[in-house]
Structures are given as structure tokens and as C-alpha cells.
Amino acid sequence: LARQRAIAAQAEKLGALGELLAGVSHELNNPLSVLVGQAALLLETAPTPEVRRRAERIAEAADRCARIVRSFLTLARQEPAAVAAVDLEALIDEAVTITRPRLDAARAELVRVRAGHPVIVAADAAQLRQIFVNLLLNAAQALAARADHRCVVVSSDAGPGGVVVRV
């Protein structure tokens with residue numbers, strides 16, 4: 001009975017968290033849309049190469065934020081998986097880009113070992129990206145407390161035995 005109550009309480013907390021996450025994501029979407037639009041406009045009208053480089057950095061950061069917000073909304077909605085052919089290498093690279101600031105803050109070196117060939121899997125891209133982001137954030141958090149060499153190795157490969165990703 002106590003276990004069932006704990007499970008019910010946890011489910012209630014997760015439901016409330018999902019609602020909060022959806023609300024925050026919707027609130028972030030409006031100013032983020034303005035930022036994406038203004039960055040695109042600045043890219044088109046940049047008077048100098050330096051302004052163009054700055055606009056590109058703003059656009060890249062805004063796009064990354066938009067992907068994160070979309071991931072939050074997908075997670076909050078708990079939609080069924082949208083399985084499609086997905087480039088695993090590209091998803092891992094996106095997760096690395098998203099988590100790079102946290103890895104840098106933990107002073108962790110990142111070693112990325114690529115398969116050297118396309119690795120296409122049938123999966124939900126948003127869910128798989130979120131898994132990789134979570135793994136990398138967990139690694140950054142674990143390494144932040146270490147005093148010795150901090151290194152995160154992310155490798156991927158596919159062969160006759162299947163697909164393997166190691167963090």
C-alpha cells in the first residue's frame with residue numbers, strides 16, 4: 001500500500017512538472033520566435049563580415065534554444081514516438097552542441113569518436129537526442145566533482161551485431 005502511494009505521488013509530481021514545463025516552453029516560444037526572426041533579418045542586412053559572424057552566432061544559439069524548447073514540449077506532451085530514419089551521428093553531434101557549455105563549465109575534455117560512416121537507425125529523433133543530452137549532462141555533473149583529469153568519450157558505431165553508442 002505504501003509503495004502504491006509513493007508511485008501515485010511520483011506520478012502526480014511528474015504530471016505537475018510536465019504541465020509546468022509545457023507552460024514555460026510556450027512562454028519562451030514567443031520571444032524566441034522574435035529572436036530567430038531578428039537574427040535572420042540581421043544576417044540578410046549585415047553591413048560587415050564581423051556583424052554577419054555575430055548574427056550567425058545569435059542565429060545558431062536561437063535555433064539551439066528553439067530545439068530545446070521543442071524537446072521540452074515533446075517531453076511534456078508525452079506524445080507517442082515518431083519513428084523515422086534518423087542519422088545517429090548527427091543526433092549525437094547536436095547533443096554535444098547543446099551540452100558543450102556544461103562540459104566546458106566542468107572543465108571536461110570531450111573526445112568524439114565517430115563511426116566513419118553513416119549510422120541510420122529507426123527512432124524518434126527528439127527522444128533519442130534527449131537521451132544523449134541526459135547522458136552528457138550526467139557525465140558533466142559527475143566529472144565536475146573530480147580533481148583529476150576530466151574526459152568524456154562519446155563513441156558510436158554500427159556493424160553486424162547492431163548499433164553501439166558509448167558515453
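Quick check: convex hull of the Cα atoms in the chain, volume per residue, rounded to a whole Å³?
For the chain, the hull spanned by Cα atoms encloses 184 Å³ per residue.
Scan the chain and note any complete DSSP helix (H) whose C-alpha atoms cover at least 27 Å along its axis and whose Kyte-Doolittle average is 1.6 or more.
Qualifying helices, which must be both long enough and hydrophobic enough, do not occur.
List the residues, sorted by chain then number, that are 5 or more residues from Ala115 or on another chain and whose placed amide H is less than 5 Å from its amide H.
Close amide H contacts, sequence-distant or interchain: Ser156.
Quick one: ranking Arg100, Arg150, Arg166, Arg67 by accessible area, 1.4 Å probe, largest first, what do you get?
Arg166, Arg100, Arg67, Arg150
Work out the length of the dipole vector of the chain about its Cα centre, built from +1 on the beta-carbon of each Lys and Arg and -1 on the beta-carbon of each Asp and Glu, and round it to the nearest 20 debye.
Charge dipole of the chain: 480 debye, to the nearest 20.
How much of the accessible area of the chain, probe 1.4 Å, is carbon plus sulfur, in whole percent? Intermediate values should be presented prior to the final figure.
Working: 6310 of 10790 Å².
The value for the chain is 59 percent carbon and sulfur by accessible area.
Just the accessible area per residue of the chain, please: how many Å² with a 1.4 Å probe?
Computed with neighbouring chains in place, this is 65 Å² per residue.
Taking amide H atoms as placed 1.01 Å from N in the peptide plane, list the residues 5 or more away in sequence, or in a different chain, whose amide H sits under 5 Å from that of Val152.
Glu109, Leu110, Val111
Counting helices only, and only those DSSP H runs with n ≥ 4, report the 222 nm mean residue ellipticity of the chain as the sum of -39,500 (n - 2.57) divided by its residues, in deg cm²/dmol to the nearest 500. Each step should come with its number before you reach the end.
On the way: 4 runs with 111 residues, N = 167.
Helices in the chain give a 222 nm mean residue ellipticity of -24000 deg cm²/dmol.
Given a 1.4 Å probe and the protein chains all in place, what does the accessible area of Phe72 round to, in Å² to the nearest 10?
70
The values are calculated or read from the model by the stated rules, or taken from the named source; none is laboratory data. A quick note: this is a predicted structure, and the numbers were derived from the prediction, not measured. Note that each Cβ is placed from the backbone with ideal geometry, even for glycine, and that neighbours are counted across all protein chains shown. Heavy atoms of the whole protein, side chains included, go into the accessibility calculation; ligands, DNA and RNA do not. Shrake-Rupley method; radii C 1.70, N 1.55, O 1.52, S 1.80 Å.
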